[in-house]
1. Could you list, in sequence order, all residues of the range A:70-89 that are under 23 Å from A:I119 (Cβ atoms) and open to solvent by less than 60 Å² (accessible area, probe 1.4 Å)?
2. Could you count how many residues in the range B:98-110 are among the charged types (D, E, K, R) and more than 9 Å from every other protein chain (Cβ to nearest Cβ)?
3. List, please: which pairs have Cβ atoms under 6 Å, are six or more places apart or on different chains, and start with a residue in the range B:97-118 that is under 11 Å from B:M39 (Cβ atoms) and assigned to a strand (DSSP E or B) and end with one that is open to solvent by less than 50 Å² (accessible area, probe 1.4 Å) and not aliphatic (A, V, I, L, M)?
4. Out of the residues in the range B:54-71 that are more than 25 Å from A:E87 (Cα to Cα) and among the hydrophobic types (A, V, I, L, M, F, W, C), which is surrounded by the most Cβ atoms within 10 Å (Cβ to Cβ)?
5. Is it the case that B:D43 is out of contact with any strand residue (DSSP E or B) (no Cβ under 7 Å at 6 or more places or on another chain), closer than 30 Å to A:K95 by Cα and assigned to a strand (DSSP E or B)?
6. Regarding A:K74, is this residue more than 9 Å from every other protein chain (Cβ to nearest Cβ), out of contact with any Cys (no Cβ under 6 Å at 6 or more places or on another chain) and closer than 25 Å to B:T36 by Cα?
7. Restricting the range A:43-59 to residues that are charged (D, E, K, R) and open to solvent by 60 Å² or more (accessible area, probe 1.4 Å), which is nearest to the other protein chains (Cβ to nearest Cβ)?
8. Here is a check on your reading of the model: is B:Y74 over 24 Å from A:P82 (Cβ atoms), open to solvent by 80 Å² or more (accessible area, probe 1.4 Å) and either modelled with pLDDT of 90 or more or facing chain A (nearest Cβ under 7 Å) (or both)?
Amino acid sequence: MFTTYDLFNNVNNMRHVLNNFFNENYTRRTADYPYVNLYEKDDNIEIAVLAPGEKVENIDLQLIDNSLRIEIDKKADYKDSPYIRKERAFGKFRKSVMLPYRVDPDKIEATMKNGILKIKLVKAEDAKPKKIEIH
Amino acid sequence: MTAELTKIKNDAYKSDEYIIVPSVDIYENENEFVITAEMPGVDKDGIDLTLNNEELEINGKINGNLPAAENIKYEEFRLYNYYRKFNVGDSIDSTALKAGLDNGILTVTLPKKEEVKPRKIEVKVEH
């Protein structure tokens with residue numbers, strides 16, 4: 001079938017774009033790195049990483065100087081069947097998070113729940129401010 | 001204009017109405033369709049599945065267990081409820097629906113009705 005260019009098609013497209021601008025639905029973009037949030041309160045840092053379905057043994061956390069390296073090896077769970085949709089991303093993800101101050105390497109806690117990895121860090125004793133006495 | 005639009009969009013982003021469409025993988029084999037959806041932040045009680053009028057609706061209510069938002073220093077993601085709808089047609093046996101949630105990954109198994117499953121046809125060789 002032949003189709004002719006119709007200006008109103010484009011106008012309709014434009015309307016679609018505008019309608020979707022305020023639409024409340026959106027999809028998380030697939031990125032080459034895991035999404036990370038960093039929270040800080042007093043002397044505690046909490047990092048939340050979006051890692052759905054990740055096995056603990058495939059997550060590698062390393063404290064290098066004052067940054068935390070998060071490496072996730074997300075293995076594809078594809079079955080040997082025809083796929084109708086493939087939207088999820090797999091592969092090796094790596095991200096370094098710069099910490100606002102040095103942390104105590106012995107007080108790092110990492111837990112995984114419902115696909116969210118949470119890492120709790122505490123400020124290092126020697127990074128805390130010290131009062132200097134004047135004699 | 002751009003600043004206004006950004007503001008409106010940011011306000012919309014803050015509302016509770018905001019919904020995330022989870023990314024899915026769907027495969028099919030002889031007996032069933034299997035949907036795998038990424039829904040981090042949802043626990044077992046937050047999942048609500050309905051199959052009605054040949055439409056499968058997936059609802060995921062997030063369990064807000066992130067630290068308090070006022071302490072945020074660096075943000076790349078936010079948690080919102082999930083919703084997605086699939087048109088599954090009439091070949092699904094709605095009584096045998098199965099679902100499982102493991103560490104933020106929802107797996108929904110939709111078995112096919114007996115009459116749509118592939119059948120082996122015997123070929124007779126006539127001499």
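The values are calculated or read from the model by the stated rules, or taken from the named source; none is laboratory data. Note that the structure is a prediction, hence the values are computed from the model and not measured. Because the Cβ atoms are built from the backbone with ideal geometry, glycine has one as well, and the counts that use them run over all protein chains shown. Surface accessibility is based on the protein's heavy atoms, side chains included, excluding ligands, DNA and RNA. Shrake-Rupley method; radii C 1.70, N 1.55, O 1.52, S 1.80 Å.
1. Matches in the range A:70-89: A:I70, A:E71, A:I72, A:D73, A:K74, A:A89.
2. The number of residues fulfilling the criteria is 1.
3. B:I105/A:P52; B:I105/A:G53; B:T107/B:T36; B:T107/B:G100
4. The extreme case among them is B:L66.
5. Answer is yes for this residue.
6. Working: more than 9 Å from every other protein chain (Cβ to nearest Cβ): yes; out of contact with any Cys (no Cβ under 6 Å at 6 or more places or on another chain): yes; closer than 25 Å to B:T36 by Cα: yes.
For A:K74, the condition - more than 9 Å from every other protein chain (Cβ to nearest Cβ), out of contact with any Cys (no Cβ under 6 Å at 6 or more places or on another chain) and closer than 25 Å to B:T36 by Cα - is met.
7. Quick first cut of the range A:43-59, residues charged (D, E, K, R) only: A:43, A:46, A:54-55, A:57.
Pick out the ones that are also open to solvent by 60 Å² or more (accessible area, probe 1.4 Å) and you get A:55, A:57.
Working: A:K55: 8, A:E57: 13 Å.
In this case the residue turns out to be A:K55.
8. The answer is yes for B:Y74.
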